[in-house]
Amino acid sequence: MKALEKMKPLHANNKENIEPLEQTNPVPRVVVGLVLGLALWSAGYIFTQRPDGVASLGDGRDPETLVKADVVASKDTANGMQLFTANCQACHQANGQGLSGVFPPLAGSEWVLGDEKVLSQILLHGLSGKVEVLGKTYQGSMPAFGSQLSDSEMAAVLTHVRSQWGNKAQPIAAEVVATGRAASATRSAPWTGTDEIKTFIDFLPGSPAP
């Protein structure tokens, strides 16, 4: 018997450690109270506020002023820049220089800086055939944007190109585009050269004698 006991491994008598048990650590009462307090305050604020409450609790701006600000924002240069990027930049390039022999430049262009009525008609109905820009002749076709852009959007993008890349021309108002759109409403084809546009504009009511 004693011999058998001697043959037992030395670690046979060692007891195994108690398996670890997952213990719960309660959230501190301070944190619980803070969360409940914020939840109650939020609920109370939501149910006690009225959409037609006292205006002095807001920032004090008159609603009519906000509407006017939105209208102005829709015509600003930033909006025009976005419209140019989305509709014009692929051809005329981000620097307004166009592509030599293919797409005419807008920077310094006499058509961009010239008669706003002519420029509006080009954007409204497009342009095909030969056009001379800065002493170079271009033969191509520009698509019409009259059905894609509103009067204010067209005014914004035209104002943008007239104020970028060294251009310094007056902004174009949406009313100018609207008048031009109404005057050429029956036209469905692009203009064939700028001379045709000039002739059309010369015969518009209120235009000076050619």
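Assess whether L124 counts as being crowded, with 21+ Cβ neighbours inside 10 Å, within 14 Å of A173 (Cα to Cα) and not small (G, A, S). Break it down stepwise before answering.
Working: crowded, with 21+ Cβ neighbours inside 10 Å: yes; within 14 Å of A173 (Cα to Cα): no; not small (G, A, S): yes.
Answer is no for this residue.
Could you tell me which of the residues D76, D52 is at pLDDT below 70, acidic (D, E) and over 19 Å from Q164 (Cα atoms)? Quick ask: steps written out before the conclusion?
Values: D76 fails: over 19 Å from Q164 (Cα atoms).
Exactly one of D76, D52 is at pLDDT below 70, acidic (D, E) and over 19 Å from Q164 (Cα atoms), namely D52.
All but one of (1) closer than 23 Å to T85 by Cα; (2) of a type in the set (S, T, N, Q); (3) surrounded by fewer than 18 Cβ atoms within 10 Å (Cβ to Cβ) hold for T186; state the number of the condition that does not hold.
(1)
Suppose the filter is farther than 15 Å from V112 by Cβ, of a type in the set (G, A, S), surrounded by 16 or more Cβ atoms within 10 Å (Cβ to Cβ) and under 20 Å from the mean Cα position of the chain (by Cα); does A174 pass it? Break it down stepwise before answering.
Details: farther than 15 Å from V112 by Cβ: yes; of a type in the set (G, A, S): yes; surrounded by 16 or more Cβ atoms within 10 Å (Cβ to Cβ): yes; under 20 Å from the mean Cα position of the chain (by Cα): yes.
Yes.
Considering only the range 79-116, state which residues are touching a Ser or Thr at 6+ places or on another chain (Cβ under 8 Å) and either surrounded by fewer than 21 Cβ atoms within 10 Å (Cβ to Cβ) or more than 19 Å from K168 (Cβ to Cβ) (or both).
Filtering the range 79-116 down to residues touching a Ser or Thr at 6+ places or on another chain (Cβ under 8 Å) leaves 80, 94, 111.
Answer for the range 79-116, where residues must be touching a Ser or Thr at 6+ places or on another chain (Cβ under 8 Å) and either surrounded by fewer than 21 Cβ atoms within 10 Å (Cβ to Cβ) or more than 19 Å from K168 (Cβ to Cβ) (or both): A94, W111.
Going through D115, D70 one at a time, which residue ends up being modelled with pLDDT under 55, out of contact with any Gly (no Cβ under 9 Å at 6 or more places or on another chain) and either under 20 Å from T159 (Cα atoms) or basic (K, R) (or both)?
On the way: D115 fails: modelled with pLDDT under 55.
Checking each option against the conditions leaves just D70.
Here are some residues: V177, V112. Which one is touching a helix residue (DSSP H, G or I) at 6+ places or on another chain (Cβ under 7 Å) and within 23 Å of Q97 (Cα to Cα)? Write out each step before concluding.
Details: V177 fails: within 23 Å of Q97 (Cα to Cα).
The conditions single out V112.
The values are calculated or read from the model by the stated rules, or taken from the named source; none is laboratory data. Because the structure is predicted, anything quoted here is derived from the model rather than measured. Glycine also receives a Cβ, built like all others from the backbone with ideal geometry; neighbour counts cover every protein chain displayed.
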